[in-house]
Amino acid sequence: MVDIDGVISLFGFQPPPTAAGSFHWIDGIPHFLSAAAAEHLLALSSLYELVWASGWEEKANEYLPHLLGLPPALPFLRFERGAGRTSGTRSVGGHWKLTSIEAFAAGRPLAWIDDAFDDSCHAWADSRPAPTLLVPTAPERGLTQPETQRLEEWALELERE
């Protein structure tokens, strides 16, 4: 599961951004898209089924493949409207993404990259019977080599089991 804001679309950095990337207007909103995060996702695509787990929903496939060279038409999750995006509403289990993520994962091993985990995410991950890895990112850096290396190692650990 791949979030976008804070993972690929960076924010909170002191200008100019230190990561390689470029600014783009997406639906009238400026986004700094990390080229490094895109490269890391491409490397991970041989080990994982990448799924957009972002409020961007289908818009991820409209913009990110051609802007960053990512695979076209990745699966994406839909989220209940208003479910915590800005209102603070929580889904079953707490975090606004959990209901959709759990439904998609359906008992399979799952790695989730996001910049906004809360206690309910950790409790949910700990309670899942299937292996679950939460990979936090700093929104000003996004997905970097250390997180990518952890994801690669985890995928290889699962293969050995």
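Mind listing whichever residues of region 27-66 are of a type in the set (S, T, N, Q) and exposed (fewer than 15 other Cβ atoms within 10 Å of the Cβ)?
If the condition is that a residue be of a type in the set (S, T, N, Q) and exposed (fewer than 15 other Cβ atoms within 10 Å of the Cβ), then SER45, SER46 are the ones that fit.
So is PHE32 touching a residue at least 12 places away in the same chain (Cβ under 8 Å) and either basic (Lys, Arg) or assigned to a strand (DSSP E or B) (or both) or not?
It is true that PHE32 is touching a residue at least 12 places away in the same chain (Cβ under 8 Å) and either basic (Lys, Arg) or assigned to a strand (DSSP E or B) (or both).
I need every pair where a residue in region 138-159 that is touching a residue at least 40 places away in the same chain (Cβ under 8 Å) and at positive phi has its Cβ under 7 Å from the Cβ of a residue that is among the polar types (S, T, N, Q) and not in a helix (DSSP H, G or I), sequence separation at least 6 or different chains.
Qualifying pairs under 7 Å: GLY142/SER34.
Checking ARG78 against (1) in contact with a helix residue (DSSP H, G or I) (Cβ under 9 Å, 6 or more places away or on another chain); (2) under 19 Å from GLN145 (Cβ atoms); (3) assigned to a loop (DSSP other than H, G, I, E, B), which test does it fail?
Evaluating ARG78 over (1) in contact with a helix residue (DSSP H, G or I) (Cβ under 9 Å, 6 or more places away or on another chain); (2) under 19 Å from GLN145 (Cβ atoms); (3) assigned to a loop (DSSP other than H, G, I, E, B) leaves (2) as the failure.
Is there a residue in region 108-117 that is at pLDDT below 95, of a type outside the set (Asp, Glu), over 14 Å from the mean Cα position of the chain (by Cα) and assigned to a loop (DSSP other than H, G, I, E, B)?
No, the conditions are met nowhere in region 108-117.
What are the residue pairs meeting all of these: first residue in region 50-74, first residue within 20 Å of VAL135 (Cα to Cα), second residue surrounded by 15 or more Cβ atoms within 10 Å (Cβ to Cβ) and of a type in the set (D, E, K, R), Cβ atoms under 7 Å, and 6 or more apart or on different chains?
ALA53/ASP3; ALA53/LYS97; SER54/ASP3; SER54/ASP5
I want to confirm something. Restricting to region 119-152 and keeping residues that are in a helix (DSSP H, G or I) and more than 18 Å from the chain's Cα centre (by Cα), which single residue is surrounded by the most Cβ atoms within 10 Å (Cβ to Cβ)?
Applying the filter and picking the extreme gives ALA123.
What number goes with the only condition from (1) part of a loop (DSSP other than H, G, I, E, B); (2) more than 18 Å from the chain's Cα centre (by Cα) that TRP25 does not pass?
Evaluating TRP25 over (1) part of a loop (DSSP other than H, G, I, E, B); (2) more than 18 Å from the chain's Cα centre (by Cα) leaves (1) as the failure.
The values are calculated or read from the model by the stated rules, or taken from the named source; none is laboratory data. Everything quoted here is computed from the prediction, not taken from an experiment. Using ideal geometry, Cβ is built from the backbone for each residue, glycine included, and neighbour counts are taken over all protein chains shown.
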